[in-house]
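Enquirer: Pasting in a structure now, in structure tokens, and then I'll have a few things to ask.
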Amino acid sequence: MFQNLQNKTVLVTGGAGFIGSNLCEILLDNNIKTVCLDNFSTGKRKNIEPFLSNPDFKLIEGDIRNLADCKTACNNVDYILHEAALGSVPRSINDPITTNDVNVSGFLNMLVAAKDAKVKRFVYAASSSTYGDHEALPKVEDVIGKPLSPYAITKYVNELYGDIFQKSYGLDTIGLRYFNVFGKRQDPDGAYAAVIPLFVKQFINKESPIINGDGSYSRDFTYIDNVVQMNILALTTTNQEALNTVYNVAYGDRTTLLQLATILKNNLSEFDASIQDIDIKHRDNRVGDIPHSLASIEKAKKLLNYNPKFDINNGIKEAVKWYWKNL
Ligand SMILES: NC(=O)c1ccc[n+]([C@@H]2O[C@H](COP(=O)([O-])OP(=O)(O)OC[C@H]3O[C@@H](n4cnc5c(N)ncnc54)[C@H](O)[C@@H]3O)[C@@H](O)[C@H]2O)c1
């Protein structure tokens, strides 16, 4: 998979974040020159600390809202994995202006910098939130509903810009609609923490996790290694038909919040048996949350040979092992 990247340079924006740092790691493990652009707004220095001594790694501390920073980062770069954004539906509801500045204006800056630098391919983090109020399952790339949050709007606008930059300037783009990604280095702290790291930390601290709603809402939880695989496939594919489109990135199965809590409990109680006795609490559903999410991954399988290796159980096992050691 990495042959096409030999002697090439890949820019990972948001490389100090959860997904970005995992992408930097796999690139460096395969001796690919890697540039990370990050402003550390939600990313962590400790996520990239092990890379700093690697001569193939370069950190540029900068902000995608600043075109000059984007241009500096794109200098002599062959490929881009664009992960930098402000995630979280509730954050976007609390502060839609900052979410839009980063996720839309920042995205546009990156596209302009990429085209000016004649970058070969721009692969970017899109989102399953783009399916919005469309209820049919599984979600198929061609059929979307109306966005349910400012965050979802920004991610949909990214797709529209990705398409237009191919048509207007010939920049090849691929959008990856991630479905609830989880795994090592995902931040368990802060008001906008994702459910898996949050619940893991609460169980480890012997606190009751709180499920929004009755726990019947379901998600296609996707382990980070599947997401990494998809990014590398998107970056390296030689199939011209596979370019300039968007893909679901998921496992293709769904798990309810109650099932998730049980899986986490079972895995964590192997480290501390008393975790089995912790109660789960409930509160009202959150504004902007969709009830169910499940991806069709047929398009990625067909055009990119995507073959996700980790289901929820294997993925949670790995994630929990990491959190137990690192929290
Ligand atoms: N984690 C998920 O389940 C999920 C699902 C769908 C989409 N996504 C998308 O995947 C991408 C990565 O998400 P993540 O979960 O790793 O989040 P994260 O918050 O861990 O990583 C985002 C990174 O971007 C950086 N960043 C934010 N604003 C920036 C700016 N203005 N300039 C430069 N850097 C900036 C942050 O410091 C951070 O390192 C995002 O685009 C997110 O919207 C994630």
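The values are calculated or read from the model by the stated rules, or taken from the named source; none is laboratory data. All figures in this text were calculated on a predicted structure; none of them were measured in a lab. Note that we place each Cβ from the backbone using ideal geometry, even for glycine, and neighbour counts take in every protein chain shown.
Enquirer: Can you tell me how many residues within region 1-24 are within 15 Å of the chain's Cα centre (by Cα) and either more than 10 Å from the ligand (Cβ to nearest atom) or of a type in the set (Asp, Glu) (or both)?
Expert: First, the residues of region 1-24 that are within 15 Å of the chain's Cα centre (by Cα): 12-24.
Narrowing the set further to residues that are either more than 10 Å from the ligand (Cβ to nearest atom) or of a type in the set (Asp, Glu) (or both) leaves 24.
Summing the residues that are within 15 Å of the chain's Cα centre (by Cα) and either more than 10 Å from the ligand (Cβ to nearest atom) or of a type in the set (Asp, Glu) (or both) in region 1-24 gives 1.
Enquirer: Name the pairs whose Cβ atoms lie under 6 Å apart, with the first residue in region 142-171 and assigned to a loop (DSSP other than H, G, I, E, B), the second of a type in the set (Lys, Arg), and 6 or more positions between them or separate chains?
Expert: What qualifies is 171/115.
Enquirer: Could you check, for region 157-180, whether at least one of its residues is within 11 Å of the ligand (Cβ to nearest atom), farther than 17 Å from residue 129 by Cα and more than 17 Å from the chain's Cα centre (by Cα)? Please lay out each step first, then the result.
Expert: Taking region 157-180 as the starting set, the residues that turn out to be within 11 Å of the ligand (Cβ to nearest atom) are 158, 175-180.
Going one step further and asking which of them are farther than 17 Å from residue 129 by Cα, we end up with none.
Checked region 157-180: no residue is within 11 Å of the ligand (Cβ to nearest atom), farther than 17 Å from residue 129 by Cα and more than 17 Å from the chain's Cα centre (by Cα).
Enquirer: Filter region 243-279 for residues that are within 21 Å of residue 306 (Cα to Cα) and among the aromatic types (Phe, Trp, Tyr); which is surrounded by the most Cβ atoms within 10 Å (Cβ to Cβ)?
Expert: Step by step, filter region 243-279, then rank; the result is 247.
Enquirer: Residue 136 versus (1) surrounded by fewer than 21 Cβ atoms within 10 Å (Cβ to Cβ); (2) within 22 Å of residue 257 (Cβ to Cβ); (3) of a type in the set (A, V, I, L, M); (4) within 14 Å of the ligand (Cβ to nearest atom): which is the lone unmet condition?
Expert: (4)
Enquirer: Has region 72-87 got at least one residue that is near the ligand (Cβ under 10 Å from one of its atoms) and over 20 Å from the mean Cα position of the chain (by Cα)?
Expert: There is at least one residue in region 72-87 that is near the ligand (Cβ under 10 Å from one of its atoms) and over 20 Å from the mean Cα position of the chain (by Cα).
Enquirer: Given the conditions (1) in contact with a Gly (Cβ under 6 Å, 6 or more places away or on another chain); (2) crowded, with 16+ Cβ neighbours inside 10 Å, and given that residue 182 satisfies all but one, which numbered condition is not satisfied?
Expert: All conditions are met except number (1).
Enquirer: A follow-up question, please. Condition (residue is farther than 20 Å from residue 37 by Cβ, more than 9 Å from the ligand (Cβ to nearest atom), assigned to a loop (DSSP other than H, G, I, E, B) and not hydrophobic (A, V, I, L, M, F, W, C)) applied to region 124-132: is it met by at least one residue?
Expert: Yes, region 124-132 contains at least one residue that is farther than 20 Å from residue 37 by Cβ, more than 9 Å from the ligand (Cβ to nearest atom), assigned to a loop (DSSP other than H, G, I, E, B) and not hydrophobic (A, V, I, L, M, F, W, C).
Enquirer: Same structure, new question: Looking only at region 181-205, how many residues end up being in contact with a helix residue (DSSP H, G or I) (Cβ under 7 Å, 6 or more places away or on another chain), more than 14 Å from the ligand (Cβ to nearest atom) and either of a type in the set (D, E, K, R) or under 26 Å from residue 94 (Cβ atoms) (or both)?
Expert: 2
Enquirer: Still on this structure, I have one more. Any idea which residue in region 28-51 is farthest from the ligand (Cβ to nearest atom), counting only those that are outside any loop (DSSP other than H, G, I, E, B) and of a type in the set (A, V, I, L, M)? Lay out the reasoning, then the answer.
Expert: The first filter runs over region 28-51 and keeps only residues outside any loop (DSSP other than H, G, I, E, B), leaving 28-29, 33-38, 45-51.
Now drop any that are not of a type in the set (A, V, I, L, M), which leaves 28, 35, 37, 48.
On the way: 28: 16, 35: 13, 37: 6, 48: 9 Å.
Per the criteria, the residue is 28.
Enquirer: Can you tell me which residues in region 280-327 are exposed (fewer than 12 other Cβ atoms within 10 Å of the Cβ), at pLDDT 95 or above and in contact with a Pro (Cβ under 9 Å, 6 or more places away or on another chain)?
Expert: Matches in region 280-327: 281 only.
Enquirer: Select from region 206-225 the residues that are within 12 Å of the ligand (Cβ to nearest atom) and under 30 Å from residue 77 (Cβ atoms) and write down the one among them that is surrounded by the fewest Cβ atoms within 10 Å (Cβ to Cβ). Show your work before the answer.
Expert: At the first step, the residues of region 206-225 found to be within 12 Å of the ligand (Cβ to nearest atom) are 219-224.
After this cut, where a residue has to be under 30 Å from residue 77 (Cβ atoms) as well, the list is 222-224.
Numbers: 222: 29, 223: 26, 224: 24.
Once the filter is applied, the top-ranked residue is 224.
Enquirer: Next question. For region 95-118, what are the residues that are surrounded by fewer than 21 Cβ atoms within 10 Å (Cβ to Cβ) and away from the ligand (no atom under 12 Å from the Cβ)?
Expert: Across region 95-118, the qualifying residues are 95, 96, 97, 108, 112, 115, 116, 117, 118.
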